[in-house]
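To start, the structure itself, in structure tokens.
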Amino acid sequence: MIAHNLQEIRQKIRTTAIQCGRDPATIRLVAVSKHFPPSRIQEAIRGGQLLFGENYIQEAAQKREEIGNAASFHFIGHLQSNKVKPAVQIFQMIETVDRFKLAAALDKELKLQGRSLDVLVQINIGQESQKSGILPQDAEGLLKQLLALSNLQVRGLMAIPPYVDTPEQSRPHFRRLRLLAEELKDKSYFFDNGHVELSMGMSSDYTIAIEEGATLVRVGTAIFGDRPEK
Ligand SMILES: *Cc1c(COP(=O)(O)O)cnc(C)c1O
């Protein structure tokens, strides 16, 4: 079932990309495996999926132990500064850097480990009061500060837009995130300004996100089915 779902989603990614004049190879699928057991991840790996997204450090640590280096993991949850050590050990990318204190803690830990790490800056694109992410108007200030943290490689932006009733309603949020990324790219705030990552789009709206420029789509239930309770 998982392999079948993956195949269908890959096909949709491909046709959507081609329809809007994009190279399908520039879009990566992040299989969001939170709450699902390692056996499901193994099943997805057998279906050719090698990149996963996880929201919780402890859960991800256990999965990393079982899966080993057969797959890559992106952190897509809310990260506390006191969890940077395991986070740096487990993940190939942290998609949710949204404050300087957290970034500085990550950078310090990376210096101790003698390596660097790809990160994205999470934007609160809908300017919602309870939500993680930095407000769009504060993004430039944070990115400017991040330039000083030499072990962090800021690859782009990530957002979780407000909950909406129909997928099409996500489009203006995706578009705003892309325009913000373009503005920041023009000022050379990213590690590679020729290739800026945009992580946006989930099970219900990833094709719309691709039309608006997503390079990473985070898809959970459309691959794995309904999530079990934690
Ligand atoms: C759970 C989650 C997803 C996946 O959501 P689905 O609707 O299951 O595709 C994507 N992004 C983030 C940040 C998540 O927490």
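A short reminder: the numbers here are calculations on the coordinates, not readings from a lab. Quantities reported herein were computed from a predicted structural model and do not represent experimental measurements. Ideal geometry is used to build each Cβ from the backbone, glycine not excepted, and the neighbour counts take in all protein chains shown.
Structure above, values below:
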quantity	calculated
Only Lys, Arg (+1) and Asp, Glu (-1) charged, at Cβ; region 1-86 dipole about Cα centre in debye	160
Over region 52-156 - Rg/Rh using Cα atoms and the Kirkwood inverse-distance radius	0.97
Rh by Kirkwood over Cα pairs, then Stokes-Einstein D for the chain at 1.306 mPa s and 10 °C, µm²/s	89
Given charges at Cβ of Lys, Arg, Asp, Glu: the chain dipole, positive-most of A181, G194, A60	A60
Order of D186, D118, D98 - criterion: other Cβ atoms within 10 Å of each residue's Cβ, fewest first	D186, D118, D98
Relative contact order (%) - region 1-128, alpha-carbon pairs under 8 angstrom, separation at least six	18
GNM top mover of G77, G194, G53 - the chain, alpha-carbon springs below 10 Å	G194
For region 22-86, radius of gyration divided by Kirkwood radius, i.e. Rg to Rh on alpha-carbons	1.00
For region 117-164 versus region 1-16, the gap between their alpha-carbon centres in whole angstrom	29
Longest to shortest principal axis, alpha-carbon extents of region 152-230, angstrom	42, 27, 18
